[in-house]
Amino acid sequence: MSASSGGARSPHAGPRVLALSGGVGGAKLSLGLQSVLGDESLTVVVNTGDDFWHLGLRVCPDLDTTLYTLAGVAEPSQGWGRAQETFSVLAELEHRGFDSWFRLGDRDLALHLERTRRWREGESLTSITAALACAYGVTSRIRPMSDTPISTRVSTDQGVLDFQDYFVRRRCAPRVERLDFVGAASAQLSPELVRELQESPPDLIVICPSNPWLSVDPILAVPGMRAQLRALSVPIVAVSPLVDGRAVKGPTDKLMRELGLTVNHAAIAAHYADFIDGLIVDREDSMISSAVRVAPTLMRDAADREALAREVLAFGAQLREDVSLRCKGGL
Ligand code: FO1
């Protein structure tokens, strides 16, 4: 690992960060990073394994959560969807006995309508997402993990389920036996992401506190993603999604137990062992080494988000200086 990331550098003051993210938790840290780094220093590569067709519309929940959060218009109580939302369309769907299990708000629908219109005209998801980010005033770059559709398929004790059927309709109740990222094997990295990594390489890669199995693994399953990121030779820091032995939101802890894992930071570190240089954990548990930093990871407000973003950046700088910390065989 070297301090210099190579490639042509544009005149740019602070560090550039590339974050890998799923939905709510990842979007929160992305917002903290955006606030601390300032405009245009952050690229967020977002999981699209949750994407699906619903009511004839292309819905990309994690991209939308990231977009709304970075634009400052996300609904704070749930982390996804739009603030100041109304649900007239959903109420009518419900009233008429139509499909209404997935709660699309009226303002949110505008985003899905515009995405779907562009999708049907053949625009790539990368290009659509950039246009939507621009429309919502977001200057950080939000990039789908691939332009190729990839669908997370959940094999459970109740059968093989599409992701949103498992996650929203059945509220993660089925016992998970196995996860597949359908379409990943033949997916491609978006040319725009590859070009950005070459022309404006990041100084630090952050794996946000998203679900490692449901949200980060699909990103790392895109052929070439791991190799591209490792080739940058910059520190890769993950933030554990566990706080007090539990997931802050979502089914990470339940899923870990179902996959036969112990719910602790050591299991998170082991999961990323061949890929990361350091892990930030909320509190010590059984595994502490020089590649682990302890810092509050519960993000209740802007101060928490920005404090964690600063910890991440400081840890990255520390790892950059100590090249020997890259643990090829794990932490
Ligand atoms: N999550 C829910 O738990 N229930 C919903 O009805 C729901 C609707 C929804 C609509 C748009 C959107 O962008 C996200 C939405 N989510 C909903 C969140 C989302 O499905 C999940 O949190 C992610 O897929 C997991 O990261």
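The values are calculated or read from the model by the stated rules, or taken from the named source; none is laboratory data. Only a predicted model underlies this, so the values are computations on that prediction, with no experimental measurement involved. Because the Cβ atoms are built from the backbone with ideal geometry, glycine has one as well, and the counts that use them run over all protein chains shown. To get the accessible areas, we keep the full protein, side chains included, count just its heavy atoms, and leave off ligands, DNA and RNA. Shrake-Rupley method; radii C 1.70, N 1.55, O 1.52, S 1.80 Å.
Count Lys and Arg as plus one, Asp and Glu as minus one, and take only other residues whose Cβ is under 12 Å from that of Ala135; the net charge is then +1. For the range 17-320, the carbon plus sulfur part of the accessible surface works out to 49%, probe radius 1.4 Å. One Cα centroid belongs to the range 95-113, the other to the range 216-252; the line between them spans 31 Å.
Multiplying the residue separation of Asp180 and Arg310 by 0.36 nm and removing their Cα-Cα distance gives an extension gain of 43.3 nm. Only helical runs count toward this figure. For the chain, summing -39,500 (n - 2.57) over DSSP H runs of n ≥ 4 and dividing by all residues gives -10000 deg cm²/dmol at 222 nm. The angle between the Cα long axis of helix 302-321 and the main principal axis of the chain comes to about 40°, on a 0 to 90 degree scale. Taking the Cβ-Cβ separation of Lys254 and Glu85 as r and a Förster radius of 25 Å, what is the calculated FRET efficiency to the nearest 0.05? After rounding to 0.05, the efficiency reads 0.35. Sequence-ordered 3J(HN,Hα) estimates for the range 164-181 from the Karplus curve with 6.51, -1.76 and 1.60 and θ = phi - 60° stand at 6, 5, 5, 7, 9, 5, 9, 6, 6, 5, x, 7, 7, 10, 6, 10, 10, 10 Hz, glycine and proline given as x.
Place a point 7 Å from the Cα of Trp101 along the Cα-to-Cβ direction; which residues of the range 161-191 have their backbone N under 20 Å from it? Counting only backbone N, you get 161-180, 182. Using the Karplus relation 6.51 cos²θ - 1.76 cosθ + 1.60 with θ = phi - 60°, the per-residue 3J(HN,Hα) values for the range 58-65 come to 7, 10, 10, x, 6, 4, 5, 4 Hz, with x marking Gly and Pro. Accessible surface computed residue by residue for the range 17-320, with neighbouring protein chains in place and a 1.4 Å probe, gives 40 Å² per residue.
Of the beta bridges in the chain, as assigned by DSSP with both residues counted there, near 40 percent are antiparallel.
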